Amino acid sequence: MSAPIATISSIGKYEGQSVTLRGWLYNMRASGKLLFPIFRDGTGTIQGIVPKAQVGDEIFETIKSLSQESSVIVTGKVRADSRAPSGYELDVENIEVVQRVPTDEPFPISLKEHGTDFLMQHRHLWIRTPRQSAILRVRATIMRAAQEYFDTNGFTRTDPPILTPNACEGTSELFEMDYFDDEKAYLTQSGQLYIESTALALGKVYSFGPTFRAEKSKTRRHLTEFWMIEPEVAFAGLDDIMALAENFLTHIVHRVLEFNSQDLKVIGKDVAKLEAIQTPFPRISYDEAHAMLEQAYKEGKIEHPHTYGDDFGSPDETYISNQFDRPVMVHRYPAAVKAFYMEPDPQDPTKALCLDVLAPEGYGEIIGGSQRVSSYDLLKSRIEAHNLPLEAFQWYLDLRKYGSVPHAGFGMGIERVVAWVCGLEHVRETIPFARTLNRIYP
Ligand code: 4AD
Ligand code: MG
């Protein structure tokens, strides 16, 4: 009987047995009549041991001459080894080469350091390296946990369109395209306006999909195409979605700790920082956050003063979030710096009933949300004041005409959360193929 096909991540259950692994040669060390090939199979890496005396000349030479990233089918016996990163090694018995990478045109990503531009140019190959693969597995867990939270808490997934007739978040950030008969269409910036309508149909809903921003920001937090998950709840206000946001984020972090501990080790993330993520999260008002920044400026802890009434810049968000060991919820920003659809605070109508969740360790905003304007007249005047085309928003105004209720929701950017959870410098490593201001290849 031939050896059963196994994966590296679950190889432990075959200890002492022969298995078949299907994968690629990641790296190899040789020492005289001994070879130490490292194989990867998409679930992890494992070191093989190839003693010439044991396997014979032919197999030994086949492996010895293999170049990095050649594809192989390997059989070998699984042996526990406490020094091995995965806990196991493979005593190689046989190998079948599926495709040999030509030695005159080797795999471009060697194990030495490469510059970021080079790596991004070879992103289709870079994702094979252990750290990048680990990040993509964490991303997958975050996406699955995010959906799971809503699916198991009474939310119905309703997918909004990607092609839209108008802006949601701001007209300067729209990707425009030709539709039919001289009509224009725009790639969606957020599904929010549409899921407000599905929330009034179904009560608790969410959307999950790609969103697009044509903003010319060249920061480590901005992509032009990113994935957003957005819940929207009828008969809910700001306090309700703050409670939702903290439970939701905590669930996601717990799932990553549960499923990706090995990946976090490969990435080099301090898991104690993630274990600290527990409810309740601190809540501070915009005014309190401003006061913190004023104090910090006086004490020389930040370079530039924050002007009351302005939105927070990246360095401001970094400072604020660094004061806490878990995400901080900043609420009630000046209405003037926020979107047209946000409900004013009845206690102080110059403020919006909104929240931004700032991730710890200086990662900045990961969630933005608000209670929505529920009055027809107020919403109409807001649309006019923002110079938005009233005809395009007629259907959105209808929601305030037919059974309007207080409702609220938020959007969470997946890539920002992956960057925070994995401790990454830049969001470009959080998605298989990042789209940024100056890159759309590969
Ligand atoms: O704060 P934003 O713009 O909010 C909205 O779009 C609302 N309509 C959401 C809602 O209430 N349903 O974006 C929400 C989140 C941000 O907090 C951030 O995590 C992410 O989306 N985000 C980006 N991520 C990567 N690149 C960009 N350019 C992003 N812009 C926003
Ligand atoms: Mg925002």
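The values are calculated or read from the model by the stated rules, or taken from the named source; none is laboratory data. Values in this document were obtained by computation on a predicted structure and should not be read as measured data. Reconstructed Cβ throughout: ideal geometry from the backbone, glycine too, with neighbour counts over all protein chains shown.
Annotation: of all residues in segment 155-178 being at pLDDT 95 or above and assigned to a loop (DSSP other than H, G, I, E, B), the one that is surrounded by the fewest Cβ atoms within 10 Å (Cβ to Cβ) is 161.
Give me the residue from segment 340-379 that is polar (S, T, N, Q) and either touching a Phe, Trp or Tyr at 6+ places or on another chain (Cβ under 9 Å) or free of Cβ contacts under 8 Å to residues at least 40 places away in the same chain (or both) and, out of that set, nearest to ligand 1 (Cβ to nearest atom). Steps first, answer last, please.
Taking segment 340-379 and keeping what is polar (S, T, N, Q), we get 347, 350, 370-371, 374-375.
Adding the requirement that they be either touching a Phe, Trp or Tyr at 6+ places or on another chain (Cβ under 9 Å) or free of Cβ contacts under 8 Å to residues at least 40 places away in the same chain (or both) leaves 347, 350, 370, 374-375.
Details: 347: 21, 350: 20, 370: 6, 374: 15, 375: 18 Å.
Filtering first and then ranking leaves 370.
Determine whether segment 371-389 contains at least one residue that is in the same structural domain as residue 234 (by TED's automatic domain parsing), buried (at least 23 other Cβ atoms within 10 Å of the Cβ), touching a Leu at 6+ places or on another chain (Cβ under 7 Å) and modelled with pLDDT of 95 or more. Scanning segment 371-389 turns up at least one residue that is in the same structural domain as residue 234 (by TED's automatic domain parsing), buried (at least 23 other Cβ atoms within 10 Å of the Cβ), touching a Leu at 6+ places or on another chain (Cβ under 7 Å) and modelled with pLDDT of 95 or more.
Applying a threshold of 6 Å to beta carbon distances and a minimum spacing of six or more residues, or different chains, the list of pairs starting in segment 270-297 at a residue that is farther than 16 Å from residue 245 by Cα and ending at one that is surrounded by fewer than 14 Cβ atoms within 10 Å (Cβ to Cβ) reads 290/308; 297/305.
Counting only residues that are surrounded by 22 or more Cβ atoms within 10 Å (Cβ to Cβ) and within 14 Å of ligand 2 (Cβ to nearest atom), which one in segment 342-362 is nearest to residue 298 (Cα to Cα)?
Of segment 342-362, the ones surrounded by 22 or more Cβ atoms within 10 Å (Cβ to Cβ) are 343, 352-359.
Filter once more, keeping what is within 14 Å of ligand 2 (Cβ to nearest atom): 352, 354-359.
Values: 352: 28, 354: 28, 355: 26, 356: 25, 357: 25, 358: 23, 359: 24 Å.
Among those residues, the one meeting the criterion is 358.
Among the residues examined, residue 403 does not qualify as in the same structural domain as residue 238 (by TED's automatic domain parsing) and within 15 Å of ligand 1 (Cβ to nearest atom).
Given the condition in a helix (DSSP H, G or I), under 27 Å from residue 174 (Cβ atoms) and within 15 Å of ligand 2 (Cβ to nearest atom), answer yes or no: does some residue in segment 389-403 qualify? There is no residue in segment 389-403 that is in a helix (DSSP H, G or I), under 27 Å from residue 174 (Cβ atoms) and within 15 Å of ligand 2 (Cβ to nearest atom). Being β-branched (Val, Ile, Thr), part of a strand (DSSP E or B), in contact (Cβ under 8 Å) with a residue 40 or more places away in the chain and within 24 Å of residue 343 (Cα to Cα) is true of residue 229. In segment 192-205, the count of residues that are surrounded by 14 or more Cβ atoms within 10 Å (Cβ to Cβ), among the β-branched types (Val, Ile, Thr), under 22 Å from residue 408 (Cβ atoms) and without any contact (Cβ under 8 Å) to a residue 40 or more places away in the chain is zero. If only residues of segment 404-442 that are assigned to a helix (DSSP H, G or I), of a type in the set (A, V, I, L, M) and within 16 Å of ligand 2 (Cβ to nearest atom) are counted, the one that is surrounded by the most Cβ atoms within 10 Å (Cβ to Cβ) is 417.
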